[in-house]
Amino acid sequence: MIIAVILSAGESSRMGRPKALLPIDGVRFIERIVATLKSTRVDEIITVLGHNAEEMRQKVSDLPVKIVVNPDYKQGQLSSLIAAIRSIESGENHHRVDAILVHLVDHPYINVDLVNLMIDRFYETKQLIVVPRYRGRRGHPVIFSRALFAELLAAPLDQGAKTVVHAHRDQTLEIDTDDAGVTVDIDTPEEYRKHIK
């Protein structure tokens with residue numbers, strides 16, 4: 001099984017308000033991402049919260065996700081990924097998990113067909129990492145095989161998951177896509193105005 005992990009723990013300091021709750025097409029970023037993932041072949045969805053976790057929990061309690069709170073969210077995205085992996089490994093179905101599909105809450109554009117293609121290719125090729133690429137630029141989401149969980153748990157927090165990605169360049173499958181959304185990262189009010197018509 002594949003578990004989707006949405007990283008939504010940061011302070012959104014440059015945006016000035018929680019990116020997860022920003023409106024897009026009449027719904028919130030996180031709502032749009034969850035709805036898209038529910039239409040794919042992922043089996044479960046975990047959302048990692050951190051900053052103002054209890055307030056955020058109330059605001060996303062209507063979504064069909066498991067919430068994991070990362071008290072160490074100020075240590076960066078990898079700390080949230082670690083919180084998700086620990087939650088998965090302590091779950092009763094942990095032995096059935098083949099991989100995680102990691103997505104960032106500030107990337108609201110996510111494509112059902114692309115996610116399903118990534119999952120299919122992950123199983124077909126047995127590669128450890130699957131990542132989409134638009135015009136030569138890597139984007140999100142990213143699939144990490146469970147074979148990498150131990151390395152992700154041990155990776156230096158200040159360097160993020162990049163150290164694990166770099167260590168497995170030859171076991172990474174890049175999937176070229178015409179979907180520019182994989183590289184759209186909305187961090188500031190200016191980017192929000194630019195991308196959200």
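Only one of these conditions is not met by MET15: (1) at negative phi; (2) surrounded by 16 or more Cβ atoms within 10 Å (Cβ to Cβ); (3) under 17 Å from the mean Cα position of the chain (by Cα). Which number is it?
Of (1) at negative phi; (2) surrounded by 16 or more Cβ atoms within 10 Å (Cβ to Cβ); (3) under 17 Å from the mean Cα position of the chain (by Cα), only one is false for MET15: (3).
If you take the residues in the range 110-129 that are part of a loop (DSSP other than H, G, I, E, B) and crowded, with 20+ Cβ neighbours inside 10 Å, which one is nearest to the chain's Cα centre (by Cα)?
For the range 110-129, the residue satisfying everything is ILE110.
Looking at (1) under 18 Å from the mean Cα position of the chain (by Cα); (2) of a type outside the set (Asp, Glu); (3) at pLDDT 95 or above; (4) surrounded by 15 or more Cβ atoms within 10 Å (Cβ to Cβ), which one does LEU153 not meet, given that it meets all the others?
Here LEU153 clears every test but (4).
Exactly one of these conditions fails for THR125: (1) over 28 Å from ARG28 (Cα atoms); (2) in contact with an Asp or Glu (Cβ under 7 Å, 6 or more places away or on another chain); (3) of a type in the set (S, T, N, Q). Give me its number.
That leaves (2) as the condition not met.
If a residue has to be of a type in the set (Gly, Ala, Ser), under 28 Å from VAL130 (Cα atoms), free of Cβ contacts under 8 Å to residues at least 60 places away in the same chain and not in a loop (DSSP other than H, G, I, E, B) to count, how many in the range 1-59 make the cut?
1
Out of the residues in the range 130-150 meeting the condition of being touching a residue at least 40 places away in the same chain (Cβ under 8 Å) and among the aliphatic types (A, V, I, L, M), tell me which one is surrounded by the most Cβ atoms within 10 Å (Cβ to Cβ).
My answer is ILE143.
Of the conditions (1) touching a residue at least 60 places away in the same chain (Cβ under 8 Å); (2) surrounded by fewer than 13 Cβ atoms within 10 Å (Cβ to Cβ); (3) of a type in the set (D, E, K, R), ARG193 fails just one. Which one is it?
Here ARG193 meets the rest and fails (1).
Identify, please: which residue in the range 130-180 is among the basic types (Lys, Arg) and not in a strand (DSSP E or B) and is, among those, nearest to LEU37 (Cα to Cα)?
ARG146
Before we move on, is ILE100 over 22 Å from ALA154 (Cβ atoms), of a type in the set (Val, Ile, Thr), buried (at least 17 other Cβ atoms within 10 Å of the Cβ) and in contact (Cβ under 8 Å) with a residue 12 or more places away in the chain?
no
I'm trying to understand the selection: among the residues of the range 79-92, which are surrounded by 17 or more Cβ atoms within 10 Å (Cβ to Cβ) and at pLDDT below 95? Don't jump to the end; show me each part of the working.
We begin by selecting, within the range 79-92, every residue surrounded by 17 or more Cβ atoms within 10 Å (Cβ to Cβ); these are 79-85, 87-88.
Those that are surrounded by 17 or more Cβ atoms within 10 Å (Cβ to Cβ) and at pLDDT below 95: none in the range 79-92.
The values are calculated or read from the model by the stated rules, or taken from the named source; none is laboratory data. These numbers come from a predicted model, not from an experiment. So basically every Cβ, Gly included, is an ideal-geometry build from the backbone, and we count neighbours across all protein chains shown.
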